[in-house]
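Values in this text are rule-based calculations from the coordinates and carry no lab data. Since this is a predicted model, take the numbers as computed values, not measurements. In this analysis, Cβ positions are derived from the backbone assuming ideal geometry, glycine residues included, and neighbour counts consider all displayed protein chains.
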Amino acid sequence: MKQIKPVLLIISLVIAVSFLVPTLLVLPFSSEKVSGKLDEKLQKPKTSEPAIEVAVYRTKTKQIEKPNLEDYVVGVVASEMPATFEKEALKAQALTARTYIVKQLMYGGNGSVPKGALVEDTTNFQVYQNMDDLKKEWKDKYNQNVKKIREAVKATAGQILTFNGSPITAAFFSTSNGYTENSEDYWDQPVPYLKSVKSPWDKLSPKYSFKEEIPVSTFESKLGVQLTDSKNIGTITSRTHGKRVGTVVIAGKQFTGREIRDKLELRSADFSWVRKGNLIIVTTKGYGHGIGMSQYGANEMAKKGKNYQDIVKYYYQGVQISSTNKFLNKATAKK
């Protein structure tokens with residue numbers, strides 16, 4: 001029995017120490033004030049969208065500028081739509097501008113542009129102005145206008161309009177006559193998403209109705225006709241789906257409404273006229289070709305609470321809003 005006691009004593013000491021050691025380890029720290037802690041700031045994954053530049057031929061300076069894609073879209077929206085328009089209308093315009101240029105980047109530009117350029121800065125493509133141009137145009141309103149447009153463009157960043165998985169022809173124009181136009185009634189080519197829809201809001205546009213005077217001699221010269229009878233100055237023989245002039249016969253010669261608009265440089269193919277002495281008084285309704293999105297219609301829709309998705313899906317039938325990533329990756333792969 002005397003030999004067992006030392007063993008029990010050792011075991012008791014080991015057990016006591018095992019409880020004491022964790023306490024000794026913790027005590028030196030428990031009395032200290034916390035001065036810092038491990039922070040956590042998870043980084044957002046980098047976008048796979050490649051950096052893209054747009055080579056724009058500036059027709060006034062005869063130089064090629066290369067803004068990045070989003071700056072180009074800002075310059076187009078600022079040039080194509082009034083900055084005073086509703087934010088949702090500006091967003092819709094940003095979608096059309098980005099869709100247009102992404103499609104150009106994918107399939108190549110027009111062969112008429114100078115070497116090294118993808119597009120020009122005119123209405124033959126999309127009107128584009130850089131920040132220096134806009135400062136001159138807007139003067140003291142530059143900062144507020146640019147801020148508003150940049151916000152609209154940023155809100156739609158990475159988005160374009162597609163139909164069956166491909167970027168659409170995102171046509172737009174200023175003001176309708178109350179209806180947009182079927183593409184085949186103007187371009188002779190049907191496009192499934194460019195169909196006539198009602199756009200009654202356009203009547204509020206300052207560009208809805210316009211009158212101009214054309215001398216009879218100029219009228220005859222431009223159309224290649226002679227108005228021998230002052231009372232017989234033409235007959236409209238058909239209308240388009242968008243209520244514009246389809247065909248008209250003047251002095252025995254037939255024209256399409258588009259031909260008349262182009263030859264006489266009218267605002268719209270919805271026209272009528274009367275003769276007063278040596279003048280033809282022409283009245284037009286709407287401003288532009290009438291295909292796709294009406295800008296003034298979009299603005300009035302926005303005023304009534306519609307967002308940009310509502311607007312574009314109304315004017316472009318059956319389209320989707322898609323990511324630019326795969327399209328831009330294809331575009332860069334071609335280079």
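Would you confirm whether any residue within the stretch 106-117 is within 14 Å of LYS66 (Cα to Cα) and not in a loop (DSSP other than H, G, I, E, B)? No; the residues of the stretch 106-117 include none that is within 14 Å of LYS66 (Cα to Cα) and not in a loop (DSSP other than H, G, I, E, B). The number of residues in the stretch 180-199 being touching a strand residue (DSSP E or B) at 6+ places or on another chain (Cβ under 9 Å) and without any contact (Cβ under 8 Å) to a residue 40 or more places away in the chain comes to 2. Scanning the stretch 200-237 for residues being surrounded by 13 or more Cβ atoms within 10 Å (Cβ to Cβ), of a type in the set (Lys, Arg) and touching a residue at least 60 places away in the same chain (Cβ under 8 Å) gives a total of 1. Just give me the residues in the stretch 240-257 being within 26 Å of the chain's Cα centre (by Cα) and crowded, with 22+ Cβ neighbours inside 10 Å, in sequence order. Across the stretch 240-257, the qualifying residues are GLY242, ARG244. Scanning the stretch 260-318 for residues that are surrounded by fewer than 16 Cβ atoms within 10 Å (Cβ to Cβ) and of a type in the set (Phe, Trp, Tyr) yields no hits at all. I'd like to know if the stretch 253-266 contains one or more residues that are part of a loop (DSSP other than H, G, I, E, B), under 24 Å from GLU181 (Cβ atoms) and of a type outside the set (Gly, Ala, Ser). Yes, some residue in the stretch 253-266 is part of a loop (DSSP other than H, G, I, E, B), under 24 Å from GLU181 (Cβ atoms) and of a type outside the set (Gly, Ala, Ser).
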